[in-house]
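Participant: I am attaching a structure below and will ask some questions about it afterwards.
The values are calculated or read from the model by the stated rules, or taken from the named source; none is laboratory data. Quick caveat, the model's predicted, so the values are computed rather than measured. Cβ sites come from the backbone with ideal geometry, for glycine too, and all protein chains shown count toward neighbours. Areas reflect the complete protein model, heavy atoms only, side chains present, ligands, DNA and RNA absent. Shrake-Rupley method; radii C 1.70, N 1.55, O 1.52, S 1.80 Å.
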Amino acid sequence: MKLQKTVWALAAVAAILAGGCASDNSGGEREMNEFVTGLMERMTLEEKLGQLNLPSGGDMTTGAVMNAEITEMIKNGEIGGFFNVKGAQKIKELQRTAVEETRLGIPLLVGADVIHGYETVFPIPLALSCSWNPEAVERMARISAVEASANGINWTFSPMVDICRDPRWGRIAEGSGEDPFLGSVMAAAYVRGYQGKEMKQSNEIMACVKHFALYGAAEGGRDYNTVDMSRQQMYNGYFGPYKAAVDAGVGSVMSSFNVVDGIPATANRWLMTDVLRDQWGFDGLLVTDYNSIGEMLPHGVAGLREASAMALDAGTDMDMVSGGFYGTLKESLEKGDVDKSDIDRACRRVLEAKYRLGLFSDPYKGCDVDLAKQVTYCDEHRKTARETAAETFVLLRNEGDLLPLKPNKTIALIGPMADAGNNMCGMWSMTCTPDNHKSLLTAMNEATEGAGRVIYAKGSNVYGDERTETAANGIRPIARGDNERLLNEALAAAAKADVIVAALGESAEMSGESASRTDLEIPDVQKTLLRRLKATGKPVVLLLFTGRPLVLTWENGNVDAILNVWYGGSEAADAICDVVFGKVAPSGKLTTTFPRSVGQIPLYYNHLNTGRPDGDPTQFNRYNSNYIDESNEPLYPFGYGLSYTTFSYGEMTLDKTAINAGGSLTASVKVSNTGNCDGYETVQMYIHDVLASQSRPVKELKGFRRVFLKQGESAEVKFEINADMLKFYNYKLEYVCEPGEFEVSVGPDSRNLQTLKFTLE
Ligand code: NOJ
């Protein structure tokens, strides 16, 4: 008999986000206010300005280097915290200096970019989102906090929640993709994981949601570039995940580098005060990005003194790196260009963050050399990282069920990513030690030991041209070889094998900050290699390493199997073998659209319809919204991903066809595992507002459920739909739902859906 179970889907953002770490702490808040007020009464203006200053310590750099003499600055009361310093002992000593050698003994914020792990590195955030598993994201953040706090860090500059619809932008790798609903769910999960219950315990650290706001919408996908968009788009398409982090109790927010309405975000009062503080009720710490105040000069808005005054006035509390707050606000106060109350406000917010972290009762918090040794990169964390990585891989194609491979074959493992252990950790992993990480070659040799054989050849450089490769590989170089010789070695290896596994794509540093690309194909020499491998006639598995959606149109038509493994972190190599040899069935689904060509970008599933939507995509329809030379369709749509098993969907039913503002209805669908192994399926639910006071997206994700089904098992998946889920920000920026007809769709991805209608009365 087939098993059947009922699964209730997480449908409303509100439901998913409930249980965030904001707590009713009014007693605690009162005590905090009294404490901070008392402290501030004893502080000089200089000491207050010192609290607003956040220099980089320089063990790890993320911009033009502006390292400071941290110890001296601490002694002089010139800083409220620092970032980019690694090591429990070192940080403890700096904290001791602040507590024991300054007049007031105020402890320091210690920040770091712990983005997808500290020493135990998890997959890049874009990959993590493809798990569609907020619990996995929360677990990742918790483990990161445990390792980071033991090593002296009490503040992470994560999560990055910028919605991105343009894969040319390298920082797409750092977020949760293109969808604001999924992005909101993930944003809250990160915050819960880092901050724990209240942020106060020794292994809880403060999260920082970034980059507020709209950083992912840089024109042309070029990093740091201009952003310009309507308010409706901001509120409906981009703001959701920042707000979800605020609702989940995030302790801090980082402003973005870009302009919003022509004003650099850091100095944009509407954004920082009207929206963030007044509309969303954020009462935490607002920090700038790296030298954002200094960058207001090249933005053409203001030099350091004026920019600092503008940023303070806009609502910014803490200045990362520029030194403008500490260096110029006194003069601005004397000249009457800033209010003392704003300096007090900013200082109060820094001190409150420290109070909420518990630093005034224990300045060293979890920082402990012995504990750090015990928990950092420990077996238990690595095991979780390995399991998580396997959940994030997306099987894009699997002709003739080529995957999983039997380990008793002769495998030609070819490609520049095959023996690049130092690249497995991905881009934002500066706190880790890449030399510790196993290469795919080593992992594959271990996985096939005693059964099959692995013949390795590098096959190609990352790029044929050395200059481009040096730029691409950044701080994680891969030794280069002669292009022609590498290719010939690969063909010789392939000739001896039953199956070719090609480990190709981007090197780790080709995505992330300052890693924009115009060409989204697999780079030149690697593509030539792949074509030549295909021409051998042997079956080819492409293991795709990438930090962004790539254009895989040729690969999709020619390569037998494509497993997108993103950048899977320190344990990626073992996790890849787990999936390639079938210990784990792939279950990841895309959270960004994969285009057929760069010319289609921006391409995203939740677009508006035009007045002239395209008709039959197999033919050119002049005067419709389309291209002469390419279809409007993506290669792989949002939500897409295969498994080693198959799932079939029964007919969707609705228990009602009309609801009113207070009511709800239930959409149900039976999902069955019809293939040959157990596996996870992520069932997705989308809604479309057919006619509204303004054009609405053709569909919007409003719920999803990841279900585990044994072979032959079925589940009844249910989504509850209520009027709140039909709301949007209208032309007047009121959050409303409008009566009328709606479509609800369910299915395995955003293109493959069944649809029914209902009415909101
Ligand atoms: C600049 C990046 O934009 C930001 O994400 C990061 O947190 C800071 N540098 C600090 O490293």
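Participant: Quick one: which of 426-437, 209-220 comes out on top by average Cβ neighbours within 10 Å, and what's the full order, highest first?
Facilitator: Packing order, densest peptide first, comes out as 209-220, 426-437.
Participant: Can you figure out the FRET efficiency of residue 738 with residue 37, using R₀ = 45 Å and their beta-carbon distance, to the nearest 0.05?
Facilitator: With a Förster radius of 45 Å, E is 0.45.
Participant: Among 453-462, 751-760, 144-153, how do they line up by average Cβ neighbours within 10 Å per residue, starting with the highest?
Facilitator: Peptide ranking by packing, descending: 144-153, 453-462, 751-760.
Participant: Kindly report the accessible area of region 57-169 per residue (heavy atoms of protein chains, probe 1.4 Å, no ligands, DNA or RNA), in Å².
Facilitator: In whole numbers, region 57-169 has 26 Å² accessible per residue.
Participant: Still on this structure, I have one more. Taking K and R as +1 and D and E as -1, what net charge do the other residues with C-beta under 12 Å from the C-beta of residue 727 add up to? Present the calculation step by step, with values, prior to reporting the outcome.
Facilitator: Numbers: positive: 696, 702; negative: 689, 700, 724, 734, 738.
Surrounding charge for residue 727 is -3.
Participant: What list of ³J(HN,Hα) couplings, whole Hz, do you get for region 144-157 from phi and the Karplus terms 6.51, -1.76, 1.60, once you set θ to phi - 60° and write x for glycine and proline?
Facilitator: These are the phi-based 3J(HN,Hα) values: 4, 5, 4, 5, 5, 5, 4, 8, x, 8, 10, 8, 10, 8 Hz.
Participant: Here is a further query. Out of residues 5 or more away from residue 456 or on other chains, whose amide H comes under 5 Å of its own, with H placed 1.01 Å from N in the peptide plane?
Facilitator: Counting only residues 5 or more places away or on other chains, the set is 413.
Participant: So which of 243/710; 75/210; 92/330; 48/200 end up more than 26 Å apart, counting from Cα to Cα? Display every interim value, and only then the final one.
Facilitator: Values: 243/710 37 Å; 75/210 30 Å; 92/330 31 Å; 48/200 23 Å.
The answer is 243/710; 75/210; 92/330.
Participant: For region 433-440, take each phi angle, set θ = phi - 60°, evaluate the Karplus expression 6.51 cos²θ - 1.76 cosθ + 1.60, and give the result in whole Hz per residue in order, putting x for glycine and proline.
Facilitator: Calculated HN-Hα couplings, in order: 10, x, 5, 6, 8, 5, 7, 4 Hz.
Participant: Just read off the accessible area of residue 328 with the full protein assembly in place, 1.4 Å probe, to the nearest 10 Å².
Facilitator: Roughly 20 Å² of residue 328 is accessible to a 1.4 Å probe.
Participant: Hey, what D do you get for the chain in µm²/s if you plug the Kirkwood alpha-carbon radius into Stokes-Einstein at 10 °C and 1.306 mPa s?
Facilitator: 59 µm²/s
Participant: Continuing with this model, one more query. Find the accessible area per residue for region 577-659; the probe is 1.4 Å, ligands and nucleic acids are left out, and the unit is Å².
Facilitator: It amounts to 49 Å² per residue over region 577-659.
Participant: Right, another one. Pairs of Cα atoms under 8 Å, at least six residues apart: use those to get the relative contact order of the chain, whole percent.
Facilitator: 15 percent
Participant: If you don't mind, there's one more thing I want to ask. Short version: ³J(HN,Hα) in whole Hz for each residue of region 326-337, in order, from phi by Karplus 6.51 cos²θ - 1.76 cosθ + 1.60 (θ = phi - 60°), x for Gly and Pro, what are they?
Facilitator: 5, x, 10, 5, 5, 4, 5, 5, 4, 7, x, 8
Participant: So for the chain: antiparallel DSSP bridges make up what percent, rounded to the nearest 5? The partial results should precede the final answer.
Facilitator: On the way: 49 of 93 bridges.
Once the DSSP bridges in the chain are tallied, antiparallel ones form about 55 percent.
Participant: Could you sort out which of 732/757; 409/438; 583/727; 406/589 sit more than 31 Å apart by Cα distance in this structure?
Facilitator: Long pairs (Cα-Cα over 31 Å): 583/727.
Participant: Right, next: Against the longest principal axis of the chain, how steep is helix 26-41, in degrees 0 to 90 to the nearest 10, with axes from Cα atoms?
Facilitator: Approximately 50 degrees, to the nearest 10.
Participant: Can you list the aspartates and glutamates whose alpha carbon is less than 14 Å from that of residue 383, not counting same-chain residues fewer than 8 positions off?
Facilitator: Cross-link targets: 119, 391, 571, 574, 578.
Participant: Specify the inter-centroid distance of region 114-134 and region 173-205, based on alpha-carbon positions, in whole Å.
Facilitator: Cα centres, region 114-134 to region 173-205: 11 Å.
Participant: Right, here's the next one. Which order do you get for 192, 548 if you rank them by accessible area with a 1.4 Å probe, largest at the top?
Facilitator: If we order 192, 548 from most to least accessible, we get 192, 548.
Participant: Here is a follow-up. Mean residue ellipticity at 222 nm from the helices of the chain, using -39,500 (n - 2.57) per DSSP H segment of n ≥ 4 over the full residue count, to the nearest 500 deg cm²/dmol?
Facilitator: That comes out to -8500 deg cm²/dmol.
Participant: Residues of region 370-448: accessible area per residue at 1.4 Å, in Å²?
Facilitator: On the way: 3070 Å² over 79 residues.
Result: 39 Å² per residue.
Participant: Share of the chain's accessible area from carbon and sulfur, percent, 1.4 Å?
Facilitator: 47 percent
Participant: Rounded, prolate or oblate for region 391-600? Axes are the square roots of the Cα gyration tensor eigenvalues, ordered a ≥ b ≥ c, and the cut-off for rounded is a/c under 1.5.
Facilitator: Rounded.
Participant: OK, next. If you place +1 on the Cβ of every Lys and Arg, -1 on the Cβ of every Asp and Glu, and leave all else neutral, what size is the dipole of the chain about its Cα centre, to the nearest 20 Debye? Before the final figure, lay out each step's value.
Facilitator: Values: 75 positive and 99 negative charges, 298 e Å.
In debye, rounded to 20, the chain gives about 1440.
Participant: So how exposed is residue 380, as accessible area in Å² (1.4 Å probe, rounded to 10)?
Facilitator: Answer for residue 380: close to 140 Å² accessible.
Participant: Sorting check: for 678-687, 494-503, 558-567, which peptide has the highest mean count of neighbouring beta carbons within 10 Å, and how do the rest follow? Intermediate results must be reported in sequence, preceding the final value.
Facilitator: Working: 678-687: 22.8, 494-503: 21.3, 558-567: 24.4.
The packing order, highest mean first, is 558-567, 678-687, 494-503.
Participant: Could you tell me the accessible area of residue 383 in Å² (1.4 Å probe, neighbours in place), rounded to the nearest ten?
Facilitator: 130 Å²
Participant: Compute the length gained on full extension between residue 693 and residue 373: take 0.36 nm times their separation in residues and subtract their Cα-Cα distance, giving the result in nm to one decimal.
Facilitator: That pair, residue 693 and residue 373, stretches by 109.3 nm at full extension.
Participant: While we're on this one: So how far, in whole Å, is the C-alpha centre of region 650-676 from the one of region 540-591?
Facilitator: What the calculation gives is 32 Å, centre to centre.
Participant: Net charge around residue 376, counting only other residues with Cβ within less than 10 Å of its Cβ (Lys, Arg = +1; Asp, Glu = -1)? Numbers along the way, then the final one.
Facilitator: Numbers: positive: 373; negative: 119, 147.
So the environment of residue 376 carries a net charge of -1.
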